[in-house]
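The values are calculated or read from the model by the stated rules, or taken from the named source; none is laboratory data. This structure is a prediction, so every number in the text was calculated from the model and none was measured. Counting neighbours? That spans all protein chains shown, and the Cβs are built from the backbone with ideal geometry, glycine included. Heavy atoms of the whole protein, side chains included, go into the accessibility calculation; ligands, DNA and RNA do not. Shrake-Rupley method; radii C 1.70, N 1.55, O 1.52, S 1.80 Å.
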Amino acid sequence: MKNYFLVFCLSFIVANNVFAQSKVTLSGYIKDKKNGEALIGATVYINELKTGSSTNVYGFYSVTLPKGNYEVIYSYIGYNSLSEKLDLNQNLTRNIELAEVENVLQDVVVTAEREDANLKNLEMSVAKLDIKTITKIPPLLGEVDVVRAVQLLPGVSTVGEGASGFNVRGGSIDHNLILLDEAPVYNSSHLFGFFSVFNPDAVKDVKLLKGGVPAQYGGRLASLLDIRMKEGNSKKFEVNGGIGLLSSRLAIEGPIIKDKASFIVAGRRTYFDLFLPYVSNNPNTRDSKAYFYDLTAKVNYRINENNTVYLSGYFGRDRFGFGSAFGFEWGNATTTLRWNKVFGPKLFSNLTAFYSNYDYALNIKTARDGFNWRSNIINYSIKPEFTYFLNSKNTLVFGGQVLYYDFLPGRTTVKSNGQDIINSLPKKFALENGLYIANEQVVNSRLSLQYGLRYSQFSYFGPGTALQLGDTLPGQKRPILNETTYSARKAIAKYGNLEPRFALKYELNTVSTIKFSYNRMSQYLHLLSNTQASVPLDVWTPSTNNIKPQIADQVALGYFRNFGDNNMYETSVEVYYKDMQNQIDYIDGADLLLNRELEAEILTGKGRAYGAEFFVKKRRGKINGWISYTLARTERQVNGINQNSWYPARFDKLHNLAVVGIYEVSKRLSLSANFVFGSGVPGTFPTNRFVVQGFVVPHNFQDQRNNIRIPSYHRLDFAATLEGKRNDQRKWKSSWTFAVYNVYNRRNPFGIYFQQEPAPNRPVESTNPAFDQRVIQSTATQAIRFAVLGAVVPSVTYNFTF
């Protein structure tokens, strides 16, 4: 199949070249004049033809047009445009550098693209965050955070403070594909969700796709968060950093060979643990650990005009522990090697190979005994991708990917009386392959289409043991009928899915557009968690002979309109509906850790999510920002749960509101604030109780799942940034950021638990004959609201660059 696919693509390219001899192609790269960074989404506009193109994620562009004389305009928001007259009688390569606009108040830029990009681009259900915007959002404890910024966009939510990950359009956190320079990151959180693993000093571009996902991406149901790292300043050495109350960061970048090779290294560390010896004289407290750190690095080398290689890596870890008695840790490690090659003015390729490792561990230790548990998931992948610019109306993308998985579900070492007893769940191995082809077509001046097809294939193979499960009553553990042992590389289960993708854009007029998209996504990995919020110790598992791949079909329709002079205000309304198959849930009391029979305790069913997203943004001016509001529902239906009826998912939130405002007081002082509101998430609570010999037994009538919601969440944050005195002659530049998180001291509930107390003014009457002691005949049940962060959190950070 692969050979036929390649032959078809190459034949199509050759045929197209035969009929394109009367046209020429203008191509090249557009970069930042100051530091040599590629500008993603910069536009190339042919004035006479009223058409053009934009750069890809590597800054490359290609425009095919008839021979002739043209005025070509290169532009990028926040940069000075460049216009030039070109006599195009043959193919021409033009590498352009644009200079950033200086000495003006910085406007809020939610997307670093032209100001009508929301109307002209075919993409919908997409949000792009410029790192300059992210740094203006009020930080928590002085740390600017990429993932927290994403949660201020429509369609994105979280179950609460202290929860890892985020939810998009009714998907669980494992339904999000998070890529750092194309390598997957399996846990995007530091410090239980309060910080993300992405150092803002090393991030260049952040893009979230909630729908209309192109064919080159697959493997998750809900979204793609694509984060691109900086290449490093290729013009001069530069140092950036920040010093906060509880954390600091430092980034160093510069040329290895000017305009040819560059690097960047960025690191962060918190130092909560350094203050612990001053909190208590208890030796356990003094020896406790509570910190995270990460290191991000990248180097690139331009071999020649047509070949560039990039090598990037990330390593981060969280460590927490109480003395030497208890501790746990988790961390991500990724390495990405990429090779960009320009075969000609029309054909651009990128070959990516990456390694990703996510591991987590738990330790308990006494003087003679101990317990250690460790688990991980390792990936190796290679992904060739080609972009062929057929003509000014068609851009063809095709390629494939091979992804190898190595799972360690759990390995324990129990130390008893000085001896180690090792117990390990068997490793699991899998291979995921994908082939795709897609075309973006401009039908006419108003109508554009994007259509494509992806085929994904997944193999779960040995060495390993497969369980054959029997049938039972819904909601009960399935019986094990047989166990079969498979040798290395012997297939245990195979799955294949066709995943069509389609998007449409129709421009009603110069200020309004309608967009539609459909995509089918398949997911072969599953994060097993039965807690209210996912934690770093949740286990990843592949699809097996008993766990089928999850599948989602999503349709979305959107109306986009701009208002005011030069598109001052951007607005959009999107509605969506998502149908999901093989959604995972669990029998009551399921044991997810170190359980060899875990697959027998998993239930699967259907899911649906639907909603409307509203977005309003003011682009420029001294006061600017955005408002996003989402009205949505997320539900599941699993036989054996909730009497087989639909019930809300644990991350279902009807209302989500975010308001972000930034006020540029002067060239040195800026103020910012954000307010968030979200409906309470559901939980499963008892509806009545029995009192048996003085003990309260809670009971859920009719076995209802997620029947009660905790109170709503709302919070206000504020920040002020004061720039140092401006002096163009000084290399040292600095700023102070003062922030207050949770300004009005809201104790937002993360969960609710219950405890029993003696009921007031109730006599103790009877005696328990079995133990011959008095018992309380009547007790009161008290609901306790638990808040992870129920206080005002001030912070101050000193930022510098030179």
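Points worth noting:
- Subset of the stretch 411-428 (residues that are over 14 Å from Asn379 (Cα atoms) and buried (at least 21 other Cβ atoms within 10 Å of the Cβ)): none
- Criterion (open to solvent by less than 30 Å² (accessible area, probe 1.4 Å) and of a type in the set (A, V, I, L, M, F, W, C)) met by exactly one of Leu525, Leu557: Leu525
- Checked against the criterion of being within 28 Å of the chain's Cα centre (by Cα), of a type in the set (D, E, K, R) and at negative phi, the candidates Lys230, Lys258, Lys235 yield just one match: Lys230.
- Counting the residues of the stretch 55-74 that are touching a residue at least 24 places away in the same chain (Cβ under 8 Å) and open to solvent by 30 Å² or more (accessible area, probe 1.4 Å) gives 6.
- Qualifying positions in the stretch 546-562 - in contact with a Phe, Trp or Tyr (Cβ under 7 Å, 6 or more places away or on another chain) and farther than 19 Å from Pro154 by Cβ: Pro549
- Qualifying residue in the stretch 427-437 (condition: hydroxyl-bearing (Ser, Thr, Tyr) and touching a residue at least 24 places away in the same chain (Cβ under 8 Å)): yes
- For the stretch 560-592, a residue qualifies if it is open to solvent by 40 Å² or more (accessible area, probe 1.4 Å), over 22 Å from the mean Cα position of the chain (by Cα) and closer than 30 Å to Asn121 by Cβ, and the qualifying residues are Arg561, Phe563, Gly564, Asp565, Asn566, Met568, Tyr569, Val573.
- Evaluated against (1) under 30 Å from Val442 (Cβ atoms); (2) modelled with pLDDT of 95 or more, Tyr358 falls short on exactly one condition, (1).
- Considering the stretch 684-694, the residues that are out of contact with any strand residue (DSSP E or B) (no Cβ under 6 Å at 6 or more places or on another chain) and in a strand (DSSP E or B) include one that is farthest from Gly751 (Cα to Cα), namely Val692.
- Some residue of the stretch 164-171 being more than 22 Å from Lys606 (Cα to Cα), of a type in the set (Lys, Arg) and not assigned by TED's automatic domain parsing to the domain that holds Ser456: no
- Scanning the stretch 247-298 for residues being at pLDDT 85 or above and either assigned to a loop (DSSP other than H, G, I, E, B) or of a type in the set (Ser, Thr, Tyr) (or both) gives a total of 11.
- Only one of the numbered conditions (1) at pLDDT below 90; (2) over 21 Å from Asp116 (Cα atoms) is violated by Asn47, and that is (2).
- In the stretch 673-694, of all residues being open to solvent by 70 Å² or more (accessible area, probe 1.4 Å) and touching a residue at least 40 places away in the same chain (Cβ under 8 Å), the one that is farthest from the chain's Cα centre (by Cα) corresponds to Gln693.
- Output for the stretch 226-243, where each listed residue is open to solvent by 10 Å² or more (accessible area, probe 1.4 Å) and among the small types (Gly, Ala, Ser): Ser234
- Output for the stretch 445-470, where each listed residue is farther than 30 Å from Asn118 by Cα and of a type in the set (Phe, Trp, Tyr): Phe458, Tyr460, Phe461
- Checking each residue in the stretch 695-736 for being among the basic types (Lys, Arg), surrounded by fewer than 17 Cβ atoms within 10 Å (Cβ to Cβ) and assigned to a loop (DSSP other than H, G, I, E, B) picks out Lys725, Arg726, Arg730, Lys731.
- Single unsatisfied condition, Gly241 versus (1) at pLDDT below 95; (2) in a loop (DSSP other than H, G, I, E, B): (2)
- So Arg619, is it touching a residue at least 40 places away in the same chain (Cβ under 8 Å) and either open to solvent by less than 30 Å² (accessible area, probe 1.4 Å) or β-branched (Val, Ile, Thr) (or both): yes
- Residue within the stretch 624-634 that is over 30 Å from Ser529 (Cα atoms), among the aromatic types (Phe, Trp, Tyr) and either out of contact with any Leu (no Cβ under 9 Å at 6 or more places or on another chain) or open to solvent by less than 60 Å² (accessible area, probe 1.4 Å) (or both) present: yes
- Pairs, first without any contact (Cβ under 8 Å) to a residue 12 or more places away in the chain and closer than 17 Å to Asn47 by Cα in the stretch 75-103, second of a type in the set (D, E, K, R) and open to solvent by less than 60 Å² (accessible area, probe 1.4 Å), C-beta under 6 Å, six or more apart: none
- Residue match in the stretch 310-325 (condition: in a strand (DSSP E or B), of a type in the set (A, V, I, L, M, F, W, C), surrounded by 16 or more Cβ atoms within 10 Å (Cβ to Cβ) and touching an Asp or Glu at 6+ places or on another chain (Cβ under 6 Å)): no
- With respect to being among the aliphatic types (A, V, I, L, M), closer than 23 Å to Asn35 by Cα and open to solvent by 50 Å² or more (accessible area, probe 1.4 Å), Ile264 falls outside the description.
- Tally, over the stretch 193-225, of residues that are in a strand (DSSP E or B) and either open to solvent by 10 Å² or more (accessible area, probe 1.4 Å) or over 30 Å from Thr395 (Cα atoms) (or both): 5
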